[in-house]
Amino acid sequence: MKNACAAAAFLAFTCAVHAQSSVTLYGLIDTAISWQTNQVGATAANGRALSSGSSVALGPGFFNGSRWGLFGTEDLGGGLSAIFRIEAGFNPTTGVSLQGNREFGRQAYVGIKSGYGQLTLGRQYSVPFETLLPYDVISWANSAATDVWVQLLAGSRLDNTAKYTLTIDQWKFNAAYSFGGQAGSVSHGSTYAAGLNYQGNVFSAGVTAQQAKDLVGNKQSNLGAGASYVTGPVTWQAYYLYTRRDGAFTPTSGQDFSPTYGTYTQLYTNPGNTNIGTSSEARTDNVFQFGATWQATPAVQIKAAAIYDLGRHVDANGEGGNKLSTFLTGDYFLSKRTDVYLAGAWSKVSGTFNGPFAGHDDSASVTLGLRHRF
């Protein structure tokens, strides 16, 4: 009888512990057919286009990178919880892993959460990315007519990161430090940042700052601010990002300052566009975005925006360039989890940025996509 009671008590305890823990599987798949002008047909040995033309292709969606992930939490008692997240990105048309072929390239961290805030350790979103994301109309999507450019300048995700997050009412504070791990110097290869957001019913805003050092101490610094304002069914969004990068700055593999995903890779791999580490002078970029989201009906959403980058001292000769991108999208929600969309986009570059679109300075695209969340 005593053994039976003990077994019953053990089973009850096990169930109670199990009820205090949870693991959630989630994901998103965004796939699209896209027509785009000025695409590479053949390339020379140096990677430059020998021929070009319009293309029609099936590839990653306009809005989102496809991903799947696991998020878990365990109640430790006394208001304390343990949390973890692992998230993998992939190309939905080929199944290939993204983010530099990492197994969990989007996020991979473990942490502790309490009423005094949350501390997480691992590969995580950069503070500028997280702080300014609410004020980007299409959330740094995959299209060439968007600001994956900003991820090049401020970083999307960083390895070896300790991040502290504190939320009080409508305020959210983030601070992060990414360890360089270099013998002989604590600061070389490191990144530190802070951000503050206010989330109101009508008005929201955020500010952020970040500084990164490469393995020999060259610096890249960022300052950014964004805001949104709701007027009936329309939400107006804008942000500004300033970047100053030392001429010889060369990011480490853990400082994700170069996009490693997206459909339009020729825009980002063109030597005349990025020139990381080639200019003898500090490169500066001033990036602006302004746009709006119109919830026309519960099922129909329209987005429009323009993005402009003013780059100076981009190449080894100290020359600068400009990039303007615009887009207009229409989104129809078949359900809360599934939507279809049509997106039109146009980009034009000048100065040192010349020639990223198969040797041309502009490109237009039309994309028809299907997106599902689970």
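The values are calculated or read from the model by the stated rules, or taken from the named source; none is laboratory data. On a predicted model such as this, the values are computed, not experimentally measured, just so you know. Because the Cβ atoms are built from the backbone with ideal geometry, glycine has one as well, and the counts that use them run over all protein chains shown.
Restricting to the range 255-290, name every residue that is outside any loop (DSSP other than H, G, I, E, B), surrounded by fewer than 21 Cβ atoms within 10 Å (Cβ to Cβ) and modelled with pLDDT of 70 or more. Thr284, Asn286, Phe288, Phe290, listed by residue number. The residues in the range 168-201 that are over 28 Å from Thr252 (Cα atoms), loosely packed, with under 14 Cβ neighbours inside 10 Å and either within 19 Å of the chain's Cα centre (by Cα) or not hydrophobic (A, V, I, L, M, F, W, C) (or both) can be counted, and the count is 4. Exactly one residue out of Thr43, Thr14, Thr37 is farther than 30 Å from Lys336 by Cα, among the β-branched types (Val, Ile, Thr), at pLDDT below 85 and surrounded by 11 or more Cβ atoms within 10 Å (Cβ to Cβ), and it is Thr43. Annotation note: Cβ proximity below 7 Å between a residue of the range 113-137 that is without any contact (Cβ under 8 Å) to a residue 24 or more places away in the chain and a residue that is among the hydroxyl-bearing types (Ser, Thr, Tyr) (sequence gap 6+ or interchain) occurs for Leu133/Ser139.
Within the range 217-239, the set of residues being of a type outside the set (Gly, Ala, Ser) and touching a Ser or Thr at 6+ places or on another chain (Cβ under 8 Å) comprises Asn218, Gln220, Asn222, Leu223, Tyr229, Val234, Thr235, Trp236, Gln237. In the range 46-81, of all residues being assigned to a strand (DSSP E or B) and hydroxyl-bearing (Ser, Thr, Tyr), the one that is modelled with the lowest pLDDT corresponds to Ser51.
Restricted to the range 334-371, and to residues there that are over 20 Å from Thr37 (Cα atoms) and of a type in the set (Val, Ile, Thr), the residue that is surrounded by the most Cβ atoms within 10 Å (Cβ to Cβ) is Thr352. The conditions are (1) within 26 Å of Gln124 (Cα to Cα); (2) of a type in the set (Lys, Arg); (3) modelled with pLDDT of 90 or more, and Arg245 fails exactly one of them. Which is it? Only one criterion is unmet by Arg245, namely (3).
Yes or no, residue by residue, for (1) small (Gly, Ala, Ser); (2) touching a helix residue (DSSP H, G or I) at 6+ places or on another chain (Cβ under 9 Å); (3) at pLDDT 95 or above:
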position: Lys163; (1), (2), (3): no, yes, yes
position: Thr167; (1), (2), (3): no, no, yes
position: Gln182; (1), (2), (3): no, no, no
position: Gly195; (1), (2), (3): yes, yes, yes
position: Thr208; (1), (2), (3): no, yes, yes
